[in-house]
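Engineer: Next up is a structure, given as structure tokens.
The values are calculated or read from the model by the stated rules, or taken from the named source; none is laboratory data. Just so it is clear, the structure is predicted and the values come from calculations on it, not from any experiment. Cβ placement follows ideal geometry from the backbone for every residue including glycine, while neighbour counts extend to all protein chains displayed. Just so you know, the surface numbers come from the protein's heavy atoms only, side chains and all, with ligands and any DNA or RNA stripped out. Shrake-Rupley method; radii C 1.70, N 1.55, O 1.52, S 1.80 Å.
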Amino acid sequence: MKAYIETTVTDFAKNAMSDYIEETVTNRAIPAFQDGLKPVQRKILWAMYKMGLFYNLSHKKSAKVTGEVIAKYNPHGDSSAYMAMGNMAQAFQKYNFIDGQGNWGAWSGELPAASRYTECRLSELAQTCLLDKDYLKVVPMVDNYDGTEKEPVYLPARLPFILLLNISGIATAVRTGLPSFDLKALAEVCIDYLKTGKMKTDEIIPITTINGGKCISTKEEQLEFYKTGSGVLKFQPSYIMGKDRMIITGVQDDFNFEKV
């Protein structure tokens, strides 16, 4: 016996859009606070771990990895998976979860070469801080999209990567943009909190860049950002003023010369 529910088109569309937004936010675009990874990034690292592409072994063709990822964990096309791999492998990123060989793109905006030309393996950082075999035993596992494999809900991160990776993401009506905080200062905050159970609410954590730009937001603006989780942090290039020119000596991490 079938049950029928009477509803209006307006209510149906509202509920369907709400479900769609939740799905895109949690399963596509926004990183998880537990490990700082977007779902596709987590699936890539998990696939590489299951393939045995460890940091102390040889590199393998990236095409082999993207095939494994879309076949077992992320059936959304190899281009999206490969671009996510590039983001974790590019040498100009502050922290690399993938150790790549070949042309993985340039800081100026150049895209990686085709996956058949590049090679990869897990970085030592990823294997040590995200994929430790003992810590993986306590992570909740779920079925993959077709129920033939298991995959972790999140990876057991030893560092608060969501505050280290200069993360950005956008979904329907939601976006995130987090700067990269200084590793040493962030670790000291975490250790202090674990010892005392209290957070210091009047100190700012330094924000670091790898390309020389600097954060120019005031202390009050940064503390408000910490408190509310929303707001704007402002950055500017580092520069030297010459007699007849300005010489740019550094820019913020996500600066793209191709889009200027």
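Engineer: What does the extension gain come out to for Asn211 and Val139, with contour length at 0.36 nm per residue minus their alpha carbon separation? Present the calculation step by step, with values, prior to reporting the outcome.
Structural biologist: On the way: separation 72, 0.36 × 72 = 25.92 nm, distance 3.53 nm.
Contour length minus Cα-Cα distance gives 22.4 nm.
Engineer: Just to be sure I understand the model, the point goes 7 Å from the Cα along the line to the Cβ. What's the resulting Val153 to Asn103 distance in nm?
Structural biologist: Here the answer is 4.3 nm between the modelled labels.
Engineer: With a 1.4 Å probe and every protein chain kept in, tell me what percent of the accessible surface of the range 28-152 is carbon plus sulfur. Kindly include the intermediate steps, with their values, before the conclusion.
Structural biologist: Numbers: 3050 of 5940 Å².
Here it works out to 51 percent.
Engineer: In square angstrom, what is the accessible area per residue of the chain with a 1.4 angstrom probe?
Structural biologist: Values: 16030 Å² over 260 residues.
Averaged over the residues of the chain, the accessible area is 62 Å².
Engineer: Hey, another quick one. Over the range 59-218, calculate the relative contact order: mean separation of alpha carbon pairs under 8 Å at least 6 apart, over the residue count, as a percent.
Structural biologist: Details: 201 pairs, mean separation 24.4, N = 160.
About 15 percent, as a whole number.
Engineer: If you find the alpha carbon centre of the range 27-91 and of the range 117-180, how far apart are they in angstrom?
Structural biologist: If we compute the Cα centre of each part, the gap is 9 Å.
Engineer: Let me ask something else about it. What shape does the range 148-241 take by its C-alpha gyration tensor, where a ≥ b ≥ c are the square roots of the eigenvalues and a/c under 1.5 counts as rounded, a/b above b/c as prolate, and the rest as oblate? Please list the in-between numbers first.
Structural biologist: On the way: a/c = 1.71, a/b = 1.26, b/c = 1.35.
Here the range 148-241 falls in the oblate category.
Engineer: If we sort 158-164, 111-117 on the protection proxy, mean other Cβ atoms within 10 Å, highest first, what's the order?
Structural biologist: Details: 158-164: 19.1, 111-117: 15.1.
By packing density, highest mean first, the sequence is 158-164, 111-117.
Engineer: Let me ask something additional. What residue among Cys129, Phe161, Gly147 has its Cα farthest toward the positive end of the dipole of the chain, where the charges are +1 on Lys, Arg and -1 on Asp, Glu, each on the Cβ?
Structural biologist: In the chain, that residue is Cys129.
Engineer: Restricting to DSSP H runs of at least four residues, report the calculated mean residue ellipticity at 222 nm for the chain, -39500 (n - 2.57) per run over all residues, nearest 500 deg cm²/dmol.
Structural biologist: Numbers: 7 runs with 82 residues, N = 260.
Using -39500 (n - 2.57) per qualifying helix, the result is -9500 deg cm²/dmol.
Engineer: Additional query: Under 1.5 on a/c is rounded, so check that first for the range 102-260, then, if it is not, pick prolate when a/b is larger than b/c and oblate when it is not; a ≥ b ≥ c are the square roots of the alpha carbon gyration tensor eigenvalues. Write out the running numbers ahead of the final one.
Structural biologist: Working: a/c = 2.04, a/b = 1.22, b/c = 1.67.
The shape class here is oblate.
Engineer: Another question, then. Counting other Cβ atoms within 10 Å, keep those with at most 15, restrict to DSSP loop, and tell me which GluC sites (Glu not before Pro) in the range 33-138 are left. If you can, show how the numbers build up before the last one.
Structural biologist: Numbers: sites: Glu68, Glu110, Glu119, Glu124; in loops: Glu110.
Passing sites in the range 33-138 are Glu110.
Engineer: Once you have the Cα-Cα distance between Met241 and Glu203, take 0.36 nm times their residue separation minus that, and quote the gain in nm to one decimal. Please report the intermediate quantities before stating the final value.
Structural biologist: On the way: separation 38, 0.36 × 38 = 13.68 nm, distance 3.23 nm.
Extra length from Met241 to Glu203 when fully extended: 10.5 nm.
Engineer: Here is a further query. Work out, step by step, the length gained on full extension between Asp182 and Thr196: first 0.36 nm times the residue separation, then minus their alpha carbon distance; give nm to one decimal. Present the calculation step by step, with values, prior to reporting the outcome.
Structural biologist: Working: separation 14, 0.36 × 14 = 5.04 nm, distance 2.12 nm.
The span from Asp182 to Thr196 would gain 2.9 nm if fully extended.
Engineer: Given contacts defined as C-alpha pairs under 8 Å and at least six residues apart, what's the relative contact order of the range 185-260, whole-number percent? Don't skip to the answer; put the middle values down first.
Structural biologist: On the way: 84 pairs, mean separation 20.0, N = 76.
Here the relative contact order equals 26 percent.
Engineer: Sticking with this structure for a sec: For the chain, set up a GNM with springs between Cα atoms under 10 Å and report which of Gly250, Gly242, Gly212 has the largest fluctuation.
Structural biologist: Gly242
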